[in-house]
Amino acid sequence: MTIYKLEDENSRVLFYEDARTAQNFEFRHRGLYTVMYVFDDRKNYNVVYRRNNLNFVQFSLKDKTYLNVMIQASDSQLYSYAYGFSNKEFMEIANKIKVKDSEKIGTLEHEGVVFDSSSKALSNWNDKLVFFTPLISPLRSIGGR
C-alpha cells in the first residue's frame, strides 16, 4: 500500500492510494468492495459513473460526511483510487471520460469532503484487515492445481 498526498498551490489536497499484492497473492474481492472495506466497511454507496473497471462512487463516513472516490481495479493484484474531490471536480471528470452520450452519469446527493494541507488519509489499511479479514488470498493458478 502506497499513499500519495497531492497538494496544489492553493493547499487543496487529493489522496491517491495504490494497493498491490505480492506476486503470489491476489485480492479476494473486486476493487469496489475492497476499497469500501478499507473505509470502515462502508456498505451503502451511490454509483455516479461506472465503466469497465472504473467506478466513481460517493459514500458516507462514520462522522456522517461524504467522500467522492474514483476507483480503478486494473487486475486482481492492483487497485488504485483517489479521493477528496469536490462535487464539481468529480462530475467534471466523469463527464470528460464518458465515452458515449448514451452513458448515464448519476447525481451527487451530498457535498463531498475536500481536504487541505493539514488533512490525513482516511483509509484504514492494516495487517489485521489484510491478512485476517482476509482481503488477500494466494494467487489462483490458471488451469492448474
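Quick look at the values:
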{"quantity": "Search result, residues across the stretch 91-124 that are modelled with pLDDT under 85 and surrounded by 15 or more Cβ atoms within 10 Å (Cβ to Cβ)", "calculated": "SER123"}
{"quantity": "Selection status of TYR81, at pLDDT below 90 and assigned to a helix (DSSP H, G or I)", "calculated": "no"}
{"quantity": "Number of positions in the stretch 80-122 that are small (Gly, Ala, Ser) and within 15 Å of GLU7 (Cα to Cα)", "calculated": "7"}
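The values are calculated or read from the model by the stated rules, or taken from the named source; none is laboratory data. Since the model is a prediction, treat every value here as computed from it, not as a measurement. Backbone-built Cβ (ideal geometry, glycine too); neighbour counts: all protein chains shown.
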